[in-house]
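Student: Below you'll find the structure I mean.
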Amino acid sequence: MRYQITGKHIDIGDALQTHVKDELGTVVGKYAERPTDANIIFSKSAHEYVCEATVHLSTGLTAQAKAHATEIYAAFDDCSQKMEKQLRRYKRRLKDHHKDRAEPVELFGASSYILASEGETEKAEPETLQPMIVAEMETKIPSLSVGEAVMQMELAGAPVLVFRNEGKDGVNVVYRREDGNIGWIDPQD
(Lines give C-alpha, C1' and ligand atoms only; values in the text may rest on other atoms or scores of the structure.)
Protein backbone atom coordinates (compact mmCIF):
# COMPACT_ATOMS: atom_id res chain seq x y z
CA MET A 1 0.00 0.00 0.00
CA ARG A 2 1.25 3.47 -0.89
CA TYR A 3 1.14 6.09 1.85
CA GLN A 4 1.04 9.85 1.41
CA ILE A 5 1.43 11.47 4.82
CA THR A 6 1.42 15.27 4.82
CA GLY A 7 0.99 18.14 7.19
CA LYS A 8 -0.68 21.47 6.51
CA HIS A 9 1.56 24.13 8.03
CA ILE A 10 3.00 21.64 10.52
CA ASP A 11 6.07 19.42 10.38
CA ILE A 12 5.47 15.67 10.32
CA GLY A 13 8.42 13.79 11.79
CA ASP A 14 9.71 10.34 10.89
CA ALA A 15 8.42 8.83 14.14
CA LEU A 16 4.84 9.92 13.39
CA GLN A 17 5.10 8.65 9.80
CA THR A 18 6.31 5.26 11.02
CA HIS A 19 3.51 5.13 13.61
CA VAL A 20 0.91 5.97 10.95
CA LYS A 21 2.21 3.35 8.51
CA ASP A 22 2.32 0.63 11.17
CA GLU A 23 -1.07 1.33 12.75
CA LEU A 24 -3.01 2.07 9.56
CA GLY A 25 -1.41 -0.87 7.78
CA THR A 26 -2.56 -3.17 10.59
CA VAL A 27 -6.12 -1.80 10.61
CA VAL A 28 -6.57 -1.83 6.84
CA GLY A 29 -4.84 -5.18 6.40
CA LYS A 30 -7.18 -6.70 8.96
CA TYR A 31 -10.41 -5.67 7.21
CA ALA A 32 -9.56 -4.93 3.58
CA GLU A 33 -8.07 -7.44 1.19
CA ARG A 34 -6.38 -5.20 -1.38
CA PRO A 35 -5.80 -1.60 -0.29
CA THR A 36 -4.05 0.48 -2.95
CA ASP A 37 -3.16 3.75 -1.28
CA ALA A 38 -3.77 5.90 1.76
CA ASN A 39 -3.70 9.69 2.14
CA ILE A 40 -3.28 11.05 5.65
CA ILE A 41 -3.35 14.80 6.25
CA PHE A 42 -2.53 16.43 9.56
CA SER A 43 -3.45 20.04 10.29
CA LYS A 44 -3.94 22.31 13.26
CA SER A 45 -7.20 24.05 14.07
CA ALA A 46 -6.86 26.44 17.01
CA HIS A 47 -5.51 24.29 19.86
CA GLU A 48 -6.48 20.94 18.32
CA TYR A 49 -4.77 18.72 15.79
CA VAL A 50 -6.92 17.35 12.98
CA CYS A 51 -6.22 14.06 11.20
CA GLU A 52 -8.01 13.20 7.96
CA ALA A 53 -7.45 9.76 6.43
CA THR A 54 -8.63 8.41 3.10
CA VAL A 55 -7.98 4.82 2.06
CA HIS A 56 -8.65 3.68 -1.51
CA LEU A 57 -9.35 0.00 -2.01
CA SER A 58 -8.87 -1.92 -5.25
CA THR A 59 -12.57 -2.76 -5.13
CA GLY A 60 -13.27 0.89 -5.92
CA LEU A 61 -14.48 1.79 -2.46
CA THR A 62 -13.03 4.70 -0.54
CA ALA A 63 -13.07 4.82 3.26
CA GLN A 64 -12.68 8.20 4.97
CA ALA A 65 -12.27 9.20 8.59
CA LYS A 66 -11.55 12.45 10.43
CA ALA A 67 -10.71 13.11 14.08
CA HIS A 68 -9.68 15.99 16.37
CA ALA A 69 -7.55 15.86 19.53
CA THR A 70 -5.24 18.08 21.53
CA GLU A 71 -2.23 15.87 20.67
CA ILE A 72 -1.24 14.79 17.17
CA TYR A 73 -0.82 11.10 18.02
CA ALA A 74 -4.21 11.02 19.76
CA ALA A 75 -5.81 12.64 16.69
CA PHE A 76 -4.38 9.90 14.47
CA ASP A 77 -5.37 7.13 16.90
CA ASP A 78 -8.98 8.40 17.01
CA CYS A 79 -9.02 8.63 13.21
CA SER A 80 -7.62 5.10 12.95
CA GLN A 81 -10.31 3.79 15.30
CA LYS A 82 -13.04 5.41 13.18
CA MET A 83 -11.52 3.90 10.03
CA GLU A 84 -11.38 0.47 11.70
CA LYS A 85 -15.01 0.71 12.82
CA GLN A 86 -16.10 1.73 9.34
CA LEU A 87 -14.20 -1.09 7.62
CA ARG A 88 -15.36 -3.65 10.21
CA ARG A 89 -18.98 -2.58 9.73
CA TYR A 90 -18.81 -3.13 5.98
CA LYS A 91 -16.47 -6.13 5.88
CA ARG A 92 -19.16 -8.73 5.25
CA ARG A 93 -20.92 -6.63 2.65
CA LEU A 94 -17.63 -5.80 0.91
CA LYS A 95 -16.65 -9.46 0.72
CA ASP A 96 -20.08 -10.50 -0.55
CA HIS A 97 -20.14 -7.87 -3.28
CA HIS A 98 -16.55 -8.17 -4.43
CA LYS A 99 -15.73 -11.87 -4.11
CA ASP A 100 -16.17 -12.42 -7.87
CA ARG A 101 -14.42 -9.19 -8.92
CA ALA A 102 -10.93 -10.00 -10.23
CA GLU A 103 -10.12 -6.54 -11.57
CA PRO A 104 -10.32 -3.17 -9.84
CA VAL A 105 -13.41 -1.06 -10.45
CA GLU A 106 -13.40 0.61 -13.84
CA LEU A 107 -13.40 4.41 -13.73
CA PHE A 108 -14.17 6.84 -16.53
CA GLY A 109 -13.55 10.57 -16.61
CA ALA A 110 -16.10 13.34 -16.36
CA SER A 111 -16.15 17.06 -15.73
CA SER A 112 -17.27 18.41 -12.37
CA TYR A 113 -18.38 22.03 -12.01
CA ILE A 114 -18.98 24.24 -9.00
CA LEU A 115 -21.64 26.84 -9.72
CA ALA A 116 -22.02 30.13 -7.88
CA SER A 117 -25.04 30.24 -5.60
CA GLU A 118 -27.45 33.13 -5.64
CA GLY A 119 -27.16 35.29 -2.55
CA GLU A 120 -30.18 36.80 -0.82
CA THR A 121 -28.91 40.24 -1.72
CA GLU A 122 -28.98 39.41 -5.43
CA LYS A 123 -31.65 40.77 -7.73
CA ALA A 124 -34.83 38.72 -8.09
CA GLU A 125 -34.27 38.29 -11.85
CA PRO A 126 -30.77 37.27 -13.04
CA GLU A 127 -29.23 39.04 -16.02
CA THR A 128 -28.59 35.77 -17.80
CA LEU A 129 -29.85 32.21 -17.41
CA GLN A 130 -26.29 30.87 -17.73
CA PRO A 131 -24.89 29.99 -14.28
CA MET A 132 -21.53 31.41 -13.27
CA ILE A 133 -18.94 28.60 -13.04
CA VAL A 134 -16.64 29.05 -10.05
CA ALA A 135 -14.46 25.97 -10.62
CA GLU A 136 -14.08 23.17 -13.14
CA MET A 137 -12.41 19.90 -12.16
CA GLU A 138 -12.01 16.42 -13.53
CA THR A 139 -13.62 13.61 -11.55
CA LYS A 140 -13.81 9.84 -11.92
CA ILE A 141 -17.11 7.96 -12.17
CA PRO A 142 -16.87 4.34 -10.98
CA SER A 143 -18.57 1.37 -12.60
CA LEU A 144 -20.43 -0.30 -9.69
CA SER A 145 -23.50 -2.28 -8.82
CA VAL A 146 -26.27 -0.43 -6.96
CA GLY A 147 -25.34 -2.10 -3.66
CA GLU A 148 -21.68 -1.16 -4.09
CA ALA A 149 -22.67 2.42 -4.90
CA VAL A 150 -24.74 2.69 -1.71
CA MET A 151 -21.80 1.33 0.31
CA GLN A 152 -19.39 3.76 -1.37
CA MET A 153 -21.71 6.68 -0.63
CA GLU A 154 -22.05 5.63 3.02
CA LEU A 155 -18.30 5.01 3.43
CA ALA A 156 -17.51 8.43 1.98
CA GLY A 157 -20.23 10.13 4.04
CA ALA A 158 -21.46 11.78 0.85
CA PRO A 159 -25.07 12.85 0.29
CA VAL A 160 -25.02 11.69 -3.36
CA LEU A 161 -23.00 9.40 -5.66
CA VAL A 162 -23.02 9.27 -9.45
CA PHE A 163 -21.95 5.89 -10.88
CA ARG A 164 -22.14 3.76 -13.98
CA ASN A 165 -24.48 0.83 -13.35
CA GLU A 166 -22.66 -2.41 -14.18
CA GLY A 167 -25.91 -4.23 -14.87
CA LYS A 168 -27.26 -1.77 -17.43
CA ASP A 169 -24.17 0.20 -18.51
CA GLY A 170 -25.93 3.52 -17.89
CA VAL A 171 -25.22 6.40 -15.53
CA ASN A 172 -27.20 6.21 -12.27
CA VAL A 173 -27.41 8.24 -9.05
CA VAL A 174 -27.93 7.16 -5.44
CA TYR A 175 -28.67 9.77 -2.79
CA ARG A 176 -29.71 10.11 0.83
CA ARG A 177 -33.31 11.28 1.15
CA GLU A 178 -34.54 13.65 3.85
CA ASP A 179 -36.49 10.80 5.46
CA GLY A 180 -33.21 8.87 5.95
CA ASN A 181 -33.79 6.33 3.19
CA ILE A 182 -31.65 5.92 0.08
CA GLY A 183 -32.98 7.07 -3.31
CA TRP A 184 -31.84 5.56 -6.62
CA ILE A 185 -32.26 7.29 -9.98
CA ASP A 186 -32.12 4.84 -12.89
CA PRO A 187 -32.92 6.65 -16.16
CA GLN A 188 -34.58 4.73 -18.99
CA ASP A 189 -32.60 4.19 -22.22
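The values are calculated or read from the model by the stated rules, or taken from the named source; none is laboratory data. This one's a predicted model, so the numbers in the text were calculated from it and none came from an experiment. Don't worry about glycine lacking a Cβ; one is built from the backbone with ideal geometry, like all the others, and counts go over all protein chains shown.
Student: It is to be established whether one or more residues within region 32-46 are of a type in the set (Phe, Trp, Tyr), surrounded by fewer than 20 Cβ atoms within 10 Å (Cβ to Cβ) and over 22 Å from residue 153 (Cα atoms).
Tutor: no
Student: Give the residues of region 129-142 that are closer than 17 Å to residue 62 by Cβ and either assigned by TED's automatic domain parsing to the domain that holds residue 91 or without any contact (Cβ under 8 Å) to a residue 40 or more places away in the chain (or both), sorted by residue number.
Tutor: 137, 138, 139, 140, 141
Student: I've got another one for you. Which residues, counting only those in region 22-32, are more than 15 Å from residue 75 (Cα to Cα) and free of Cβ contacts under 8 Å to residues at least 60 places away in the same chain?
Tutor: 22, 25, 26, 28, 29, 30 - these are the residues of region 22-32 that are more than 15 Å from residue 75 (Cα to Cα) and free of Cβ contacts under 8 Å to residues at least 60 places away in the same chain.
Student: Now, a different point. Going by the structure shown, is residue 13 of a type in the set (Gly, Ala, Ser) and free of Cβ contacts under 8 Å to residues at least 12 places away in the same chain?
Tutor: Taking the combined requirement at face value, the residue satisfies it.
Student: Just to be sure before I move on: is residue 85 outside any strand (DSSP E or B) and at pLDDT 80 or above in the structure I sent?
Tutor: yes
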